[in-house]
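Working notes for the structure below.
The values are calculated or read from the model by the stated rules, or taken from the named source; none is laboratory data. In this text, all values refer to a predicted model and were calculated from it rather than measured experimentally. Glycine gets a Cβ as well: all are built from the backbone with ideal geometry, and neighbour counts include every protein chain shown. We work out accessible area using only protein heavy atoms, side chains counted, and drop any ligands, DNA or RNA first. Shrake-Rupley method; radii C 1.70, N 1.55, O 1.52, S 1.80 Å.
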Amino acid sequence: MAAFELSGVSAVDLSKSTAGINTGVGFFDHMLDQLNSHAQVGVSVTAAASAPNADLTDRNRHAEPADGQADLMSAVGAALGLEIGELVSSKQSLTPGKTSRFCCPLDEALVECVLTVGTGAGTGGKLETFTLSPYGIYPSPGGRTRIGTMVPAHLEGFFSAMAESSGLQIALRKVRGDNGHHVVESAFKAFSRSLRNLLDGTDTSGAGLTSAEFEALWGLQSDSYKQSLELARTASLSRKTKETSIDVNLQLDWMHAGVAVSTGLPTLDRIFSTLAEEAKVSLSIECAGDTWVDDHHTTEDVAIATGQCLNKALGTKAGLNRMWCAQADSGGATVEVTMDLSNRPCLTHNLALSRNAGGEEYVGGDACALSIEMFEHALDSLVMNGQMTVHIVQVKEGAKVIDTALATAAAFGRALKLCCAVDPRRAGKTASSKGTLSL
């Protein structure tokens with residue numbers, strides 16, 4: 001560690017850093033910048049070699065030797081950890097044992113982060129779990145050894161040093177991920193979002209969803225609620241083909257106008273109604289389709305139209321919370337949906353559909369005429385046209401596929417509600433390190 005001198009180290013809550021990030025490893029800098037965008041903590045740090053006349057304009061000056069990155073990343077982790085520990089200690093409500101959990105969805109990765117408050121800044125911190133490797137599947141079997149110029153094998157040392165100096169217990173677990181770049185990015189974003197929730201006194205599950213802090217930030221009396229309504233986000237669509245005639249009206253208004261779905265497929269009605277009710281979205285769907293042929297055209301076109309309306313109503317997505325994860329239960333099934341209004345559509349899931357325990361072909365029974373394959377297709381069409389990244393994790397399979405379907409719809413809606421919420425602290429800025437979701 002003595003080989004590097006760190007300067008300008010800071011982590012300022014709800015503020016942008018003016019000093020910048022320049023460690024001498026470009027990809028590492030990009031990952032640290034996720035704290036600025038997703039934790040809303042202004043982070044800065046500059047690393048210079050102890051040798052005189054270091055060229056700070058070379059953004060990859062510390063790429064070599066590769067082993068030297070281990071000392072650099074540990075030093076940065078320890079220094080930033082002290083700053084983050086001070087932020088945590090400044091929150092009187094963050095007593096030892098308080099936790100925060102967040103999963104971050106990228107199109108080729110999903111990483112879970114759990115933070116637990118230790119006994120204080122500099123004490124009680126530990127890297128409890130770190131299961132990110134291998135970093136991608138190319139080349140097999142070891143994955144990437146470098147991402148840009150950064151050696152990902154040294155990330156464990158970075159998070160370990162940060163945990164020890166911050167007093168936080170950190171657990172990072174790769175749920176899935178084939179792309180090394182995205183695995184690392186998902187880890188940093190999950191850590192950042194979990195830290196933000198911890199500092200806010202909120203969480204994606206448990207007591208954090210019902211805390212006074214959660215209500216103050218996201219509840220019916222919050223500035224988020226008021227500003228969300230002021231945006232008057234609505235969209236409608238009418239489309240008519242030889243196969244279907246559809247009218248969809250959608251309002252992001254906390255369900256003030258209610259939910260009415262009539263597609264000719266009772267199970268599809270129930271799924272979209274459940275989703276809208278949990279999302280607090282006013283939704284009207286009227287569809288007359290060729291259900292005497294089968295369920296394909298109606299299901300697909302309803303999902304496409306609803307996704308398009310949602311994307312149109314959301315607009316640029318600037319100033320929104322953008323990401324959330326939520327669980328729901330139905331009939332013994334438990335499903336978690338992690339969502340990002342990313343404009344990079346991707347659906348990944350492990351739902352027990354083709355291998356369901358009962359060997360069912362239809363969701364809700366033959367009389368309801370929604371085939372399992374079209375339930376999956378509806379999810380995909382909704383996600384693709386809604387321009388979102390969605391990971392669905394089946395925690396527990398239901399006795400029937402309808403249980404799994406309804407738990408999925410409810411979790412989807414709960415995640416969507418918080419993704420669509422305005423975060424007043426962002427002042428209309430996009431929650432992205434690149435500053436936009438439009439490009």
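Cβ separations smaller than 6 Å between residues 6+ apart or across chains give the following pairs from the range 149-166 residues that are free of Cβ contacts under 8 Å to residues at least 60 places away in the same chain to residues that are open to solvent by 30 Å² or more (accessible area, probe 1.4 Å) and not in a helix (DSSP H, G or I): GLU156/PHE130. For the residues LEU6, LEU106, LEU14, LEU32, the requirement of being touching a residue at least 40 places away in the same chain (Cβ under 8 Å), aliphatic (A, V, I, L, M) and at positive phi singles out LEU14. In the set (1) surrounded by 16 or more Cβ atoms within 10 Å (Cβ to Cβ); (2) farther than 19 Å from ALA163 by Cβ, GLN34 fails one condition alone, (2).
Go through the range 247-295 and give me each residue that's closer than 18 Å to ILE372 by Cα and of a type in the set (A, V, I, L, M, F, W, C). LEU265, LEU268, ILE271, PHE272, LEU275, TRP292, VAL293, listed by residue number.
Please tell me if ALA367 is assigned to a helix (DSSP H, G or I), surrounded by fewer than 22 Cβ atoms within 10 Å (Cβ to Cβ) and modelled with pLDDT under 95. Yes.
Just one of the numbered conditions (1) aromatic (Phe, Trp, Tyr); (2) at pLDDT 95 or above; (3) more than 22 Å from LEU406 (Cβ to Cβ) is not true of TRP292: (2).
With respect to the conditions (1) open to solvent by less than 10 Å² (accessible area, probe 1.4 Å); (2) free of Cβ contacts under 8 Å to residues at least 60 places away in the same chain; (3) part of a helix (DSSP H, G or I), ILE285 falls short on a single one, namely (3). For the range 222-241, a tally of residues being assigned to a helix (DSSP H, G or I) and either open to solvent by 30 Å² or more (accessible area, probe 1.4 Å) or at pLDDT below 95 (or both) returns 6. Number of residues in the range 261-283 that are touching a strand residue (DSSP E or B) at 6+ places or on another chain (Cβ under 9 Å) and closer than 26 Å to GLY219 by Cβ: the value is 10.
Within the range 44-62, restricting attention to residues that are in contact (Cβ under 8 Å) with a residue 12 or more places away in the chain and open to solvent by 50 Å² or more (accessible area, probe 1.4 Å), the residue that is farthest from ASN22 (Cα to Cα) is SER50.
Once the range 136-189 is narrowed to residues that are among the acidic types (Asp, Glu) and more than 20 Å from ALA70 (Cβ to Cβ), the residue that is surrounded by the most Cβ atoms within 10 Å (Cβ to Cβ) is GLU185.
The residue of the range 63-73 that is nearest to the chain's Cα centre (by Cα), among those that are open to solvent by 20 Å² or more (accessible area, probe 1.4 Å) and at pLDDT 95 or above, is ALA70. Filtering the range 242-261 to residues that are part of a loop (DSSP other than H, G, I, E, B) and either closer than 10 Å to ALA276 by Cβ or at pLDDT below 95 (or both) leaves ASP253, TRP254, MET255, HIS256, ALA257, GLY258.
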